[in-house]
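Encoded as structure tokens, the structure appears first; notes follow it.
Readers should treat all values here as calculations from the given coordinates under stated rules, not as data from a laboratory. Everything quoted here is computed from the prediction, not taken from an experiment. Here Cβ is always computed from backbone atoms with ideal geometry, including for glycine, and neighbour counts include all displayed protein chains.
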Amino acid sequence: MKGFQAGIQTINESETQLFGISVDAAPSLKRFSDDLTLAFPLLSDFPNRATAKAYGVLMDDRGIASRTTFVIDKEGKIIEIVADPKPAAHNEATAAVCARLKKK
């Protein structure tokens, strides 16, 4: 999340919307967002985890979602999926996609 926050200008300049979705409860996400002073919303998928299930990233046995970034275009089409345990991979891929979108 820190990396996304650091690159928020690139994201905003590409006329995209950034938000995070977590299976954690809303109060926990608020504290996390406040601690990192995030300029984008964090949405809670708690308690039913319907979004994580729908996108195929829920690890039922552990009750968590895998770290996955989905870049979805204005028509609702997924144009990039990054599934990597390293946060930097998500930040770099998202910045690259946003740069491509900005050129369109």
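Structure notes:
- Among the listed values (i) 13.8, 42; (ii) 14.6, 45; (iii) 12.1, 37, the one matching Rg and Dmax of the Cα atoms in Å as calculated from this structure is (i).
- The Cβ shell under 14 Å around Lys103 holds other residues with a net charge of 0, Lys and Arg each +1, Asp and Glu each -1.
- Magnitude of the charge dipole, the chain, Cβ model with Lys/Arg +1 and Asp/Glu -1, debye to 20: 160 debye
- For the chain, the longest principal axis of the C-alpha atoms and the axis of helix 26-36 are separated by about 40°.
- Proximal charge balance of Met59 [Cβ under 12 Å; K/R count +1, D/E count -1]: +2
- Restricting attention to the chain, close to 70% of DSSP beta bridges with both partner residues there are antiparallel.
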